[in-house]
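So the structure is just underneath, and the comments pick up after that.
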Amino acid sequence: MNDTFLKACRGEEVPFTPVWIMRQAGRYLPEYREVRGKADFLTMCKTPELAAKVTLQPVDILNVDAAILFSDILIPCEAMGQGLEFQENRGPILDPVMRDKDTIDNLSVPDPEDKTKFVMDTIRLLRRELAERVPLIGFSGAPFTTATYMIEGGTSRNFMNTKRLIYETPMLYKSLMDKITATITEYLKAQISAGAQAVQIFDTWGGIFSPGDFREFALAYVIKIIDALKKWIKTENREHVPIIYFVGQTAGLLKEIRTSGADAFGVDWRINIDDAARGLGGDVVVQGNLDPLSMFLPHDKIEERVKDILGRASSARGHIFNLGHGVVPETPPENVIALVEMVHRLSGK
Ligand code: 1CP
């Protein structure tokens with residue numbers, strides 16, 4: 001198997017820098033749009049054959065060093081009992097919104113093999129179809145990022161309802177977060193049992209907090225999940241499964257993020273990756289961090305940036321190349337193909 005990605009996650013020697021792209025399966029690929037033309041997004045997530053098909057597309061087309069399960073961070077919200085819809089050009093809609101005690105009390109902590117069996121079936125199918133070609137990454141949202149969607153009822157600009165719940169009724173927020181945390185812990189365990197070889201926890205909106213609030217209202221719950229997963233992996237005598245923690249707006253939160261217990265840290269593009277590695281404690285594995293919109297540059301300019309990031313990241317214990325956030329739908333696929341080739345060529349030792 002091309003296990004360069006797993007080795008890099010563990011901080012081991014690698015022959016080249018592994019690369020995968022956040023949102024590597026998606027609308028920028030014509031092959032994805034073709035499948036998506038026949039099924040809506042949720043149907044794709046819930047049909048293992050379709051989810052597996054689009055998961056494998058970027059592995060074949062881009063030559064990336066890891067596959068990431070095709071799903072969404074909001075799938076567990078529906079499993080907990082909240083209605084979930086994806087409306088064209090509007091994004092996710094969750095209903096009813098989680099802002100009062102009765103509604104939050106009504107949520108359950110689902111059995112992931114029951115309520116989200118399609119995710120686990122997709123993972124089992126993918127491991128067979130990947131046939132050890134590249135490792136498979138499972139994922140979830142972090143509790144806070146997941147909670148923002150559950151509280152706001154969708155995407156948000158200023159997260160007013162979320163912060164209002166936190167500041168006005170902190171115990172209610174905590175009861176919601178405890179349920180989400182328990183759900184995600186079981187969900188990630190089930191993904192690992194089904195065959196996920198690494199997991200990434202997405203805290204896309206963590207950067208809306210001051211460091212103190214981030215620690216109390218977001219990170220504390222991520223620490224619980226990572227701690228529970230590590231203990232479970234140990235008691236079950238399972239092989240080490242790397243955990244990657246990605247936080248949007250990483251720069252102001254490095255001191256906090258380093259205490260999460262993750263094996264590797266996703267870094268967005270707003271900070272130089274060597275500064276991020278230093279802020280995270282120096283001896284760490286970092287993942288990132290090219291600005292997703294620099295994919296619109298001519299190839300020679302992309303190459304300059306790739307070289308710069310590879311050079312800077314050489315000071316860290318390990319580096320997994322990625323964008324600093326998801327690839328946008330307007331991105332020319334040929335530029336992403338070129339990016340992967342550049343990372344491999346320029347980092348080859
Ligand atoms: O119309 C379509 O085809 C659906 C678009 C789409 C896709 C392709 C959505 C809706 N989700 C996804 C897949 C997805 N989402 C993956 C697949 C694996 C891969 O990376 O290839 C992953 C890992 C996610 C994770 C996700 N979903 C995050 C965290 C990562 C990030 O980008 O910050 C978030 C915040 C979501 C919520 C979500 N799902 C979809 C949309 C449009 C949104 C974002 C809405 C917003 O901006 O708030």
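Cβ under 13 Å from Val109's Cβ, Val109 left aside: what net charge do those residues give with Lys, Arg +1 and Asp, Glu -1? Numbers along the way, then the final one.
Working: positive: Lys115, Lys179, Lys189; negative: Asp105, Asp111, Asp114, Asp178, Glu186.
Its environment carries a net charge of -2.
If you put +1 on each Lys and Arg Cβ and -1 on each Asp and Glu Cβ, how big is the dipole of segment 154-304 around its Cα centre, in Debye rounded to 20?
Values: 17 positive and 19 negative charges, 132 e Å.
The calculated dipole for segment 154-304 is roughly 640 debye.
Subtract the Cα-Cα distance of Lys234 and Met171 from 0.36 nm times their separation in residues, and report this length gain in nm to one decimal. Intermediate results must be reported in sequence, preceding the final value.
On the way: separation 63, 0.36 × 63 = 22.68 nm, distance 3.23 nm.
The span from Lys234 to Met171 would gain 19.4 nm if fully extended.
I'd like the FRET efficiency for Asn89 and Arg164, computed as 1/(1 + (r/R0)^6) with the beta carbon distance as r and R0 of 25 Å, rounded to 0.05.
On the way: r = 27 Å, r/R0 = 1.10.
Here the calculated transfer efficiency is 0.35.
Please report Rg over Rh for the chain, where both radii come from the alpha carbon positions and Rh follows the Kirkwood definition. Provide the component values of the computation, followed by the final result.
On the way: Rg = 19.1 Å, Rh = 20.3 Å.
With Rg and the Kirkwood Rh in hand, the quotient comes to 0.94.
Taking 7 Å along the Cα-to-C-beta vector as the label spot, tell me the Thr103-Arg128 distance in nanometres, rounded to one decimal.
The answer from the label model is 4.1 nm.
If you restrict to DSSP beta bridges whose two residues both lie in segment 4-347, what percentage is antiparallel, to the nearest 5?
Working: 6 of 31 bridges.
That works out to approximately 20 percent antiparallel.
Quick one: longest stretch of the chain between exposed loop GluC sites (Glu not before Pro), exposed meaning at most 14 other C-beta atoms within 10 Å and loop per DSSP?
133-235
How big is the dipole moment of the chain about its Cα centre under a simple scheme where the beta carbon of each Lys and Arg is +1, that of each Asp and Glu is -1, and everything else is neutral? Debye, nearest 20, please. Walk me through the numbers on the way to the answer.
Numbers: 41 positive and 47 negative charges, 91 e Å.
Here the size comes out at about 440 debye.
Using a 1.4 angstrom probe, figure out how much accessible area the chain has per residue, in square angstrom, rounded to the nearest whole. All intermediate terms of the calculation are to be shown ahead of the outcome.
Values: 14360 Å² over 349 residues.
For the chain, the per-residue accessible area is 41 Å².
What size of dipole, in debye to the nearest 20, comes out for segment 246-348 about its Cα centre when the only charges are +1 on Lys and Arg C-beta atoms and -1 on Asp and Glu C-beta atoms?
On the way: 10 positive and 14 negative charges, 64 e Å.
In total the dipole reaches around 300 debye.
Report the FRET efficiency, 1/(1 + (r/R0)^6), for Asp111 and Ile337, where r is their Cβ-Cβ distance and R0 is 41 Å, rounded to 0.05.
Values: r = 40 Å, r/R0 = 0.99.
With R0 = 41 Å, the Cβ-Cβ based efficiency is 0.50.
If you roll a 1.4 Å probe over the chain with all protein chains in place, what percent of the accessible area is carbon or sulfur? Provide the component values of the computation, followed by the final result.
Values: 7080 of 14360 Å².
Solvent-exposed carbon and sulfur of the chain make up 49 percent of the total.
Could you work out how far the C-alpha centroid of segment 232-255 sits from that of segment 8-37, in angstrom?
Result: 19 Å between the Cα centres.
Would you work out which of Gly348, Val241, Ala313 lies farthest towards the positive end of the dipole of segment 203-349? Charges go on Cβ: Lys and Arg +1, Asp and Glu -1.
Of Gly348, Val241, Ala313, it is Val241.
Would you mind calculating the relative contact order of segment 60-176 from Cα pairs under 8 angstrom and at least 6 residues apart, reporting the percent as a whole number?
On the way: 119 pairs, mean separation 39.6, N = 117.
Here the relative contact order equals 34 percent.
Keeping all protein chains in position, work out how much accessible area Lys230 exposes to a 1.4 Å probe, and write it in Å² to the nearest 10.
Spelled out: Lys230, probe radius 1.4 Å, area about 70 Å².
The values are calculated or read from the model by the stated rules, or taken from the named source; none is laboratory data. Quick caveat, the model's predicted, so the values are computed rather than measured. Backbone-built Cβ (ideal geometry, glycine too); neighbour counts: all protein chains shown. Side chains included, ligands, DNA and RNA excluded: accessible areas come from the protein's heavy atoms. Shrake-Rupley method; radii C 1.70, N 1.55, O 1.52, S 1.80 Å.
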